[in-house]
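Note sheet for the following structure.
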Amino acid sequence: MNIYPPFLGAGIRLSYISKDFRKAVVTMKLRWWNRNLVGVHFGGSLMSMSDAFYMLLILQNLGKGYIVWDKASCIQFKKPGKGKVTCVFEIGDEILERIKQEVEANGKTEIELPLEITDEEGDVVSALTKTIYIRKKDQFPASA
């Protein structure tokens, strides 16, 4: 993930991922190439920090029998991002069970997950809501 061009170019780094794929920590230092016009973190880079990691954690925990997509993101910028910023993704048993139950009952589900990007002092720089779409792979016939 650390050499994936969009993350590499923005300076986004996967700092930690647990062996059970239940937690991931993503960081980004403020560099000349990811600053905006007023010298703080570019909003697009902050948004990119949130992309794909919930999807990855959920997919790894559900297995190959599911399709998992990032469907939507909503971001609120709370304060200027300076220095190193961090985003922590965590998936617990209750979320995974809810997903499985809803997919079993409805064939698919969408789950909204909150997320925060914090600065080195622990202050919230950006608050996000991620919408993740999940369904079983075998939901549709092969000819569809």
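Entry note, the chain: the mean residue ellipticity at 222 nm calculated from DSSP H runs of n ≥ 4, each adding -39500 (n - 2.57), is -7500 deg cm²/dmol after division by the residues and rounding to the nearest 500.
Run the accessible area of the range 8-144 with a 1.4 Å probe and give the carbon-and-sulfur part as a rounded percent.
Ligands and nucleic acids excluded, carbon and sulfur reach 52 percent.
Computing Cα extents along the principal axes in Å directly from the structure and comparing it against (1) 48, 31, 18; (2) 51, 29, 28; (3) 85, 30, 19 singles out (2). Relative to the first principal axis of the alpha-carbon coordinates of the chain, what is the inclination of helix 93-106, with its axis defined by its Cα atoms, in degrees from 0 to 90 and to the nearest 10? Its long axis makes an angle of about 50 degrees. Computed from label points 7 Å out along Cα-Cβ, the spacing between I111 and K137 is 1.9 nm. Peptide packing: for 43-51, 93-101, the average count of neighbouring Cβ atoms within 10 Å per residue gives the ranking 43-51, 93-101, highest mean first. Solvent exposure of the chain amounts to 58 Å² per residue of accessible area, where only protein heavy atoms count and the probe is 1.4 Å. Suppose R0 equals 25 Å. What FRET efficiency, 1/(1 + (r/R0)^6) with r the Cβ-Cβ distance, do E90 and D70 give to the nearest 0.05? Computed FRET efficiency for E90 and D70 comes out at 0.90.
Quick one: dipole size for the chain, taken about the Cα centre, charges +1 on Lys/Arg Cβ and -1 on Asp/Glu Cβ, in debye to the nearest 20.
Here the chain has a charge dipole of around 500 debye.
Please tell me which of these pairs span more than 27 angstrom C-alpha to C-alpha: K19/K84; K29/K100; K19/K78; K29/K130; K78/K100; K23/K108? Cα-Cα > 27 Å for K29/K100; K19/K78; K78/K100; rest within.
The values are calculated or read from the model by the stated rules, or taken from the named source; none is laboratory data. Just so we're clear, the structure is a prediction, and the values are computed from it rather than from any experiment. Neighbour counts run over all protein chains shown; Cβ positions are idealised from the backbone, glycine included. Protein only, heavy atoms only, side chains kept; ligands, DNA and RNA dropped before computing areas. Shrake-Rupley method; radii C 1.70, N 1.55, O 1.52, S 1.80 Å.
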